[in-house]
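Participant: I have a structure here, written as structure tokens, and I will follow up with some questions on it.
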Amino acid sequence: MIRRVVDFFGEARHAEQRRRLFYLALVLIVIADFLVPREHAEYLWDRLPGWSAVYGFLSCVLLIFVSKFLGHQGGLMRREDYYD
Amino acid sequence: MIDFVHPALLFILGALPIPFLKGSIRKAYLMLIPALAILAVLTVQPGSYGAAEFIGQEILIAKVDRLSIVFATVFTIMALIGMVYALHLTGAGEHVAAFVYVGSALGVVFAGDYLTLFLFWEGMAFASAYLVFAQRGKQAIRAGFRYLMVHITGGVALLGGVILHGLATGSLLFGPIEGGMGVAAYLILAGFMLNAAVPPLNAWLTDAYPEATVTGAVFMSAFTTKTAVYVLARAFPGTELLVWLGTAMALYGVIYAVLENDCRRLLAYHIVSQVGYMVAGVGIGTEMAVNGASSHAFAHILYKALLFMGAGAVIHVTGRRKLTELGGLYRTMPLTVALYMVGAFAISAFPFFSGFVTKSMVVAAAGQDHRALVVLALTMASSGTFLHTGLKLPYYMFFGMDRKLEAREPPRNMLVAMGMAAVLCIAIGVFPQPLYALLPHPVDFEPYTGVHITESLGILMFTALGFVLFLRALDPENTISIDTDWFYRKGARHFMWLAEKPLARYEKAVSDVSETAVLPFLHGTARAGLRIDLNGVDAVVNGVARSILRGGGALRKLQTGVVTHYALAMIVGVIAAIAVFAVVWR
């Protein structure tokens, strides 16, 4: 069982199926976010359905590019023998 | 009837027989002691034990309350899991060191006064350093010495703070620091923050953990930083500085994780990030926040150990640790992949995994305390956590480009240990109530609300979308990253240059003066001295020298030049000291 699940995520022949399932999940999550009851909204964004999707995506992109910028332009990344 | 068995003693005295046991008897013994310790913690009653006087100071070996029980419970469970993971090792060194390490951590958690705390604090540093040295090889030995150096420095700061605090207040009992932050409080805070790996005092962690042995790193990932969270929660709840340092720390670890190529160093940066949540929780200091910090520490120890065990299994089997050299292992190691992913879902706080019910408590406490910025930053860090431990690391380690590596599943004991941790990660996520009941304050928090589930899934799955779209930008690169260890690895060399060049020139100028002016005078005095010396002193000196020579010969036989032997000797010394301590002052 475990092997089959793991293989599903590894084998190239399942790629198309994986992609469809993934986008379906994304759509369902956004729809669900519009449907859930929101009682005590503390902050502005708590009242916005779909906010978490936008924020998650932006966070991810921001983290990737800010880190890589710091690594390459900011000089954080060095050759492996830097300390030798 | 003994009403309290100190679990630290169980481990530390229990470490002594390990080298003399062989085969399956040793294996059974290695699991028996942690099991007894779990029992001891489960049956312990809150109260004060082992009060005594030492150099005119009140000593309290063990102060048991709800906060210490939470940490002691997870420490003993983790000791059992870590021991199962390390059962296949034939040498006794790592087992002994791990026992002393766990025992010392438990000693800190129950310490009722600063002297007891300090003693166990140093015990932890030495015992854990052995787990790095045991890896052998130049790289590990060097990292081990840096690790030891940093921790000894932190220990000195802590001791200085403790002494100043004792002089100012007249008591060494360990508890919330009251009456404003003075030099003493800041020194103690610095010592604690160093062990919690709060930037800029974080580099020892990411420097040393990936160099430790496969089994040693699992122990290290659990104890040092979490004892630090415990002592912070005990002494500094509600310290504003910690809120901001903790929040910054959560993002700091995530940013460095993007750049990292070494699989266990990436995970180590996520310790920094996750401990950031706990430090921030302690800083907020409300009942809910301290509950959040301690429950997150509980969950974190289990899932982080699981992740380290997964990465360790890959290193154990392939001998490789860089993401640029790994890939395609899912075919040969499907069980490892599945177990690792349970840990990854738990750290990313997916619903029905442990992180979901603990991390959210810290974030919710920040929200209740009207700290919008902290909420946003911590949420962003959760996105980064899933990005690296849930997507990047497994993708490049297990999937990604197939490097045709020869691999198989790790030894069964490793898989069993991972299974134990995985079961707990899921059990806590599905049934959070037993954990909530253990927390120091009453819990008024429901993790499973509709909004919380859809929001978490939204954050996580759209992070996955970002990962899929920008996969190429995340390709690991064959580099290392500069962190604050630069100051003692490179900066120290600049200091040495300063010492060798300008200072040496100055020294030469001074010695020139002394040669032309001072020397003739000294020659005269020396001649007079020589006469006295030849007649009287020589005879005495010769006698002393002969006996030293004999002593030196004996000492030389003891010297092996092997660092691990020295480290082992230190650990034996620590055990002996603690045994004496336990017997004399009980």
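Participant: Out of (1) part of a loop (DSSP other than H, G, I, E, B); (2) more than 14 Å from chain A (Cβ to nearest Cβ), the odd one out for B:Arg408 is which?
Facilitator: (2)
Participant: Which residue, of B:Leu335, B:Leu323, is touching a Cys at 6+ places or on another chain (Cβ under 7 Å) and either more than 16 Å from B:Leu391 (Cβ to Cβ) or not charged (D, E, K, R) (or both)?
Facilitator: B:Leu323
Participant: Hey, A:Asp84 hits all of (1) outside any helix (DSSP H, G or I); (2) more than 7 Å from chain B (Cβ to nearest Cβ); (3) surrounded by 13 or more Cβ atoms within 10 Å (Cβ to Cβ) but one; which does it fall short on?
Facilitator: Among (1) outside any helix (DSSP H, G or I); (2) more than 7 Å from chain B (Cβ to nearest Cβ); (3) surrounded by 13 or more Cβ atoms within 10 Å (Cβ to Cβ), the lone unmet condition for A:Asp84 is (3).
Participant: Could you check, for segment B:402-420, whether at least one of its residues is free of Cβ contacts under 8 Å to residues at least 12 places away in the same chain and under 30 Å from the mean Cα position of the chain (by Cα)?
Facilitator: Yes, the conditions are met somewhere in segment B:402-420.
Participant: Mind checking whether some residue in segment B:16-24 is assigned by TED's automatic domain parsing to the domain that holds B:Val109 and within 25 Å of B:Pro176 (Cα to Cα)?
Facilitator: No, segment B:16-24 has no match at all.
Listed here are the residues, each with its yes/no results for (1) more than 12 Å from chain A (Cβ to nearest Cβ); (2) at pLDDT below 95.
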| residue | (1), (2) |
| --- | --- |
| B:Phe345 | yes, no |
| B:Phe353 | yes, no |
| B:Gln368 | no, yes |
| B:Gly400 | no, yes |
| B:Arg403 | yes, yes |
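Participant: Now a separate question. Failed condition for A:Phe8, given (1) more than 7 Å from every other protein chain (Cβ to nearest Cβ); (2) within 20 Å of B:Phe470 (Cα to Cα); (3) hydrophobic (A, V, I, L, M, F, W, C), with all others met?
Facilitator: Condition (2) is where A:Phe8 drops out.
Yes/no per residue for (1) in a helix (DSSP H, G or I); (2) under 30 Å from B:Tyr396 (Cα atoms):
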| site | (1), (2) |
| --- | --- |
| A:Phe8 | yes, yes |
| A:Arg13 | yes, yes |
| A:Glu16 | yes, yes |
| A:Phe22 | yes, yes |
| A:Leu26 | yes, yes |
| A:Ala32 | yes, no |
| A:Glu42 | no, no |
| A:Ala53 | yes, yes |
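Participant: Moving to a separate point now. Has segment B:496-513 got at least one residue that is away from chain A (no Cβ under 12 Å) and polar (S, T, N, Q)?
Facilitator: Taking every residue of segment B:496-513 in turn, at least one turns out to be away from chain A (no Cβ under 12 Å) and polar (S, T, N, Q).
Participant: In contact with a helix residue (DSSP H, G or I) (Cβ under 8 Å, 6 or more places away or on another chain), loosely packed, with under 12 Cβ neighbours inside 10 Å and within 7 Å of another protein chain (Cβ to nearest Cβ): does that describe A:Ile64?
Facilitator: no
Here's the yes/no breakdown for (1) without any contact (Cβ under 8 Å) to a residue 60 or more places away in the chain; (2) in contact with a Phe, Trp or Tyr (Cβ under 6 Å, 6 or more places away or on another chain):
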| residue | (1), (2) |
| --- | --- |
| B:Gln45 | yes, no |
| B:Ala79 | no, no |
| B:Gly82 | no, yes |
| B:Gly91 | yes, no |
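Participant: Right, something else. Do any helices (runs of 4 or more DSSP H) entirely within segment B:213-288 hold 1 or more residues that are under 24 Å from B:Phe308 (Cβ atoms), within 14 Å of chain A (Cβ to nearest Cβ) and at pLDDT 95 or above, and if so, which?
Facilitator: B:240-259, B:263-284
Participant: If only one of B:Leu439, B:Leu474, B:Leu457 is more than 9 Å from every other protein chain (Cβ to nearest Cβ) and either acidic (Asp, Glu) or in contact with a helix residue (DSSP H, G or I) (Cβ under 9 Å, 6 or more places away or on another chain) (or both), which one is it?
Facilitator: Just one listed residue meets the conditions, B:Leu439.
Participant: Additional query: Have a look at B:Gly161, B:Gly170, B:Gly144, B:Gly179 and point out the one that is in contact (Cβ under 8 Å) with a residue 60 or more places away in the chain and of a type outside the set (Phe, Trp, Tyr).
Facilitator: B:Gly144
Participant: Go through segment A:37-61 residue by residue and tally those that are more than 7 Å from chain B (Cβ to nearest Cβ) and among the β-branched types (Val, Ile, Thr).
Facilitator: 1
Participant: Also, quick follow-up: Go over the candidates B:Leu378, B:Leu339 one by one and state the one that is farther than 24 Å from B:Tyr252 by Cα and either in contact with a His (Cβ under 8 Å, 6 or more places away or on another chain) or of a type in the set (A, V, I, L, M) (or both).
Facilitator: Just one listed residue meets the conditions, B:Leu339.
Participant: Counting only residues that are in a helix (DSSP H, G or I) and away from chain A (no Cβ under 14 Å), how many does segment B:315-338 have?
Facilitator: Qualifying residue count, segment B:315-338: 4.
Participant: Right, something else. Looking at A:Tyr82, A:Tyr23 in this structure, which one is closer than 22 Å to B:Phe470 by Cα and of a type in the set (Ser, Thr, Tyr)?
Facilitator: Just one listed residue meets the conditions, A:Tyr23.
Participant: With (1) free of Cβ contacts under 8 Å to residues at least 12 places away in the same chain; (2) of a type outside the set (A, V, I, L, M); (3) surrounded by 24 or more Cβ atoms within 10 Å (Cβ to Cβ) as the list, and B:Phe75 as the residue in question, which single condition is left unmet?
Facilitator: (1)
Participant: Would you mind finding the one in A:Phe34, A:Phe22 that is more than 8 Å from every other protein chain (Cβ to nearest Cβ), free of Cβ contacts under 8 Å to residues at least 40 places away in the same chain and more than 28 Å from B:Phe487 (Cβ to Cβ)?
Facilitator: A:Phe34
Participant: What residue, among those in segment B:125-168 that are over 30 Å from B:Gln57 (Cα atoms) and either small (Gly, Ala, Ser) or not in a helix (DSSP H, G or I) (or both), is nearest to the chain's Cα centre (by Cα)?
Facilitator: Per the criteria, the residue is B:Ala129.
The values are calculated or read from the model by the stated rules, or taken from the named source; none is laboratory data. The model shown is predicted, which means the values in this text are computed figures rather than measured ones. Note: ideal-geometry Cβ built from the backbone for every residue, glycine included; neighbour counts use all protein chains shown.
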